[in-house]
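Please read the structure below before turning to the comments.
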Amino acid sequence: MTAAGSPAWWHRRALLALLLALGLAASPRALAQPAIATLDWTLAETLVALGVTPVGVAQVEAYHAWVGAPHLPEAAVDLGLRSQPNLELLANLAPDHILISPMFANLAPRLSHIAPVATVPLYTPGRETWPQLHELTHQVGRLAEREAAAERLIAETEARLAALRQRLPERVPPLLVVQFMDERHVRVFGEGGLYQAVMARLGLENAWRGETNAWGFSLVGLEQLAGLEARLVVVEPYPVGVEAALADSGLWQQQPSVRNDSLITLPPVWSFGALPSAIRFAEHLVAALEEVSHDD
């Protein structure tokens, strides 16, 4: 609930008392579900997937560029930069909870003056990714008072992945999933990340066996992809100017998937996401593999 003693807190108490006196509310929980704000896109996408409209989300436009879907409802207020949110605007929204990831833990002391702060971890080194996605979904469901919706999201995700696995072509080569940082460097995704976790659920082989960081990727030069027997999968968005530059890049044009026109390009999917991003990645990847299989 809103920090005790704040004007918003007293306003809500007075409103609830009036409703109870008129017989229009049975309990504090009957007034409304918790108002939740978040600086983290992974938590934002999970809230929306649970049927919750966050009162505020940081960098809404960038969320739609990098996460893609689920689309944030128009009612979600843009809080400014994830690392430097507009605290006055956030306070005016009077949230009951503010959800953050450990990446923004340095903001917790200031945010806690506005509302209770919950830090929800994901991609913890040394732990399997898929169980962590379930745990995050359960935790957000409890905080949003949407436990049943969290259970449904988990069950529906597992069922959808099982169905998508059945749609895969009979033979799929190892895949190399990358995202461009500039015209010469990519993130290549492997162990410990969302894309790898989804590929494992689908029974697909990842060609990248190199080391990865806590988020499941390595930053490498294009030359380090040379010689890998794999079908390249590029996840958008491209940084400004990079796609045009690649057309003149001999290093890129010599990649086997580019030479034989088997390159797969996927729309933006948040590589640091939770179950909504997992199912989005699976949907796009399977559809693309079906398409290239028909073209072979």
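The values are calculated or read from the model by the stated rules, or taken from the named source; none is laboratory data. This structure is a prediction, so every number in the text was calculated from the model and none was measured. Cβ coordinates were reconstructed from backbone atoms using ideal geometry, including for glycine residues, and neighbour counts include every protein chain displayed. The protein model used for the area step is the full one, side chains on, heavy atoms only, and it has no ligands, DNA or RNA in it. Shrake-Rupley method; radii C 1.70, N 1.55, O 1.52, S 1.80 Å.
When the residues of segment 138-168 are filtered to those that are more than 18 Å from Tyr195 (Cα to Cα) and polar (S, T, N, Q), the one that is most open to solvent (accessible area, probe 1.4 Å) is Gln166. For segment 234-269, the set of residues classified as more than 15 Å from Arg184 (Cα to Cα), assigned to a strand (DSSP E or B), open to solvent by less than 50 Å² (accessible area, probe 1.4 Å) and out of contact with any helix residue (DSSP H, G or I) (no Cβ under 7 Å at 6 or more places or on another chain) consists of Val235 only.
Exactly one residue among Glu229, Glu290, Glu283 is out of contact with any Phe, Trp or Tyr (no Cβ under 7 Å at 6 or more places or on another chain), closer than 30 Å to Glu135 by Cα and either modelled with pLDDT of 90 or more or part of a loop (DSSP other than H, G, I, E, B) (or both), and that residue is Glu283.
Looking only at segment 156-177, decide whether some residue is among the small types (Gly, Ala, Ser) and touching a residue at least 12 places away in the same chain (Cβ under 8 Å). Step through it out loud before you land on a result.
Residues of segment 156-177 among the small types (Gly, Ala, Ser): 159, 162-163.
The next check asks that each one be touching a residue at least 12 places away in the same chain (Cβ under 8 Å); those that pass are none.
No, that holds for no residue.
Taking segment 56-74 on its own, how many of its residues are at pLDDT 95 or above, in a loop (DSSP other than H, G, I, E, B) and among the small types (Gly, Ala, Ser)? Qualifying residue count for the region: 1.
Residue under question is Ala65, and the condition is that it be surrounded by fewer than 22 Cβ atoms within 10 Å (Cβ to Cβ) and more than 13 Å from the chain's Cα centre (by Cα); does it hold? Judged against the criteria, Ala65 is not a match.
Listed here are the residues, each with its yes/no results for (1) more than 19 Å from Ser277 (Cβ to Cβ); (2) of a type in the set (Val, Ile, Thr).
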residue	(1), (2)
Val172	yes, yes
Gln196	no, no
Met199	no, no
Gly216	no, no
Glu223	yes, no
Gly227	yes, no
Val233	no, yes
Ala247	yes, no
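Within segment 270-287, being touching a strand residue (DSSP E or B) at 6+ places or on another chain (Cβ under 9 Å), under 16 Å from Leu204 (Cα atoms) and open to solvent by less than 20 Å² (accessible area, probe 1.4 Å) holds for Phe281, Leu285.
Taken as a whole, the structure places Arg209 among residues that are modelled with pLDDT under 95, over 28 Å from Val60 (Cα atoms) and out of contact with any Asp or Glu (no Cβ under 6 Å at 6 or more places or on another chain).
What do you reckon, is Arg201 farther than 15 Å from Thr212 by Cβ, in contact with a Lys or Arg (Cβ under 9 Å, 6 or more places away or on another chain), of a type in the set (Lys, Arg) and in contact (Cβ under 8 Å) with a residue 24 or more places away in the chain? Yes.
Table: residues versus (1) among the hydroxyl-bearing types (Ser, Thr, Tyr); (2) open to solvent by less than 10 Å² (accessible area, probe 1.4 Å).
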site	(1), (2)
Glu170	no, no
Asp182	no, no
Tyr195	yes, yes
Gly203	no, no
Gly210	no, no
Trp215	no, no
Gly221	no, yes
Leu225	no, yes
Leu228	no, no
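Among the numbered conditions (1) open to solvent by 40 Å² or more (accessible area, probe 1.4 Å); (2) at negative phi, the only one that Val120 does not meet is (1).
Within segment 29-48, residues that are more than 25 Å from Phe272 (Cβ to Cβ) and modelled with pLDDT under 95 reach no partner that is of a type in the set (D, E, K, R) and assigned to a helix (DSSP H, G or I) with beta carbons closer than 6 Å at six or more positions or on different chains.
Would it be correct to say that Ala247 is modelled with pLDDT of 95 or more and not charged (D, E, K, R)? No. For Val220, indicate whether it is in a loop (DSSP other than H, G, I, E, B) and over 22 Å from Pro131 (Cα atoms). Taking the combined requirement at face value, the residue does not satisfy it.
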